Amino acid sequence: MDPTITDLPRRRILFRILVSLQGVLVSIVGLPAVAFLLSPLRRVSPEDSWVRVGAVSDLSPDGPVAMRYSMTVRDGYSRSETRGLVFLTRREDQLVALSAVCTHLGCNVSWRQAEAVFACPCHGGKYTPDGDVAAGPPPRPLKSIPVKVERGTIYISPLSVAERATRS
Ligand code: FES
């Protein structure tokens, strides 16, 4: 029998086994590497876990106080600066933070001390001091934002704010 004829199927089988092993090896090494490289694209997050907005001494016993925040949001490989406004209210020994963004179309509300409401300048929406809808077209209450105080400094949780920033 001619040895080259019997070797041919063996060579093919060996070649296929090597190609299969190579595929397995690429999968084992390559897929985690690709997943690692693409992982930032799945993340939208602020760079800091809490954002400083002001001091407890800035609060007023008369009503909500507007405080500005600024933070860097990472979205995939890009970074952007987000700024916004929150209202902080001291209630007994609690501190409440509400987003200033109207839930109708996103204008910033302002606090009207005389009426004791948050008022939206765009379409006349009004909210109670707790952020509940009092009048107008807003479909939902003002967003409540997690808040904490450390050594007299007020911080808000940027994650909830970042969600809003990326949706708008
Ligand atoms: S955006 Fe505030 S009422 Fe329309």
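The values are calculated or read from the model by the stated rules, or taken from the named source; none is laboratory data. Everything quoted here is computed from the prediction, not taken from an experiment. Glycine gets a Cβ as well: all are built from the backbone with ideal geometry, and neighbour counts include every protein chain shown.
State yes or no: is G124 surrounded by fewer than 17 Cβ atoms within 10 Å (Cβ to Cβ), touching a residue at least 40 places away in the same chain (Cβ under 8 Å) and part of a loop (DSSP other than H, G, I, E, B)? Here the answer is no, as G124 does not meet what is asked. Can you confirm whether L98 is buried (at least 16 other Cβ atoms within 10 Å of the Cβ), in a loop (DSSP other than H, G, I, E, B) and within 16 Å of the ligand (Cβ to nearest atom)? Answer is no for this residue. For the range 101-120, the set of residues classified as farther than 11 Å from G63 by Cα, more than 25 Å from the chain's Cα centre (by Cα) and part of a strand (DSSP E or B) consists of A119 only. Filtering the range 106-118 to residues that are within 15 Å of the ligand (Cβ to nearest atom) and within 16 Å of V65 (Cβ to Cβ) leaves N108, V109, S110, W111, R112, V117, F118.
You will find that of S80, S70, S49, the residue that is assigned to a strand (DSSP E or B), of a type in the set (G, A, S), within 30 Å of P139 (Cα to Cα) and at pLDDT below 85 is S80 and no other.
Just a yes or no: is a residue in the range 69-87 within 16 Å of the ligand (Cβ to nearest atom) and surrounded by fewer than 18 Cβ atoms within 10 Å (Cβ to Cβ)? Yes, the range 69-87 has at least one match.
Does the range 83-97 hold any residues that are more than 18 Å from S49 (Cα to Cα), aliphatic (A, V, I, L, M) and at pLDDT below 95, and which are they? Don't jump to the end; show me each part of the working.
The initial filter retains those residues of the range 83-97 that are more than 18 Å from S49 (Cα to Cα), namely 87-96.
Add one more test, that the residue is aliphatic (A, V, I, L, M), and what stays is 88, 95-96.
Selection gives L95, V96.
Screening D132 on (1) charged (D, E, K, R); (2) touching a strand residue (DSSP E or B) at 6+ places or on another chain (Cβ under 6 Å); (3) within 16 Å of the ligand (Cβ to nearest atom) shows it passes everything except condition (2). Put simply, of P61, P158 the only residue that is at pLDDT below 90 and closer than 30 Å to L38 by Cα is P158.
Please verify whether T103 is of a type in the set (V, I, T) and more than 9 Å from the ligand (Cβ to nearest atom), treating the condition exactly as stated.
No: the conditions fail for T103.
Among the residues of the range 130-144, those that are closer than 19 Å to M67 by Cβ and surrounded by 18 or more Cβ atoms within 10 Å (Cβ to Cβ) comprise G131, L142.
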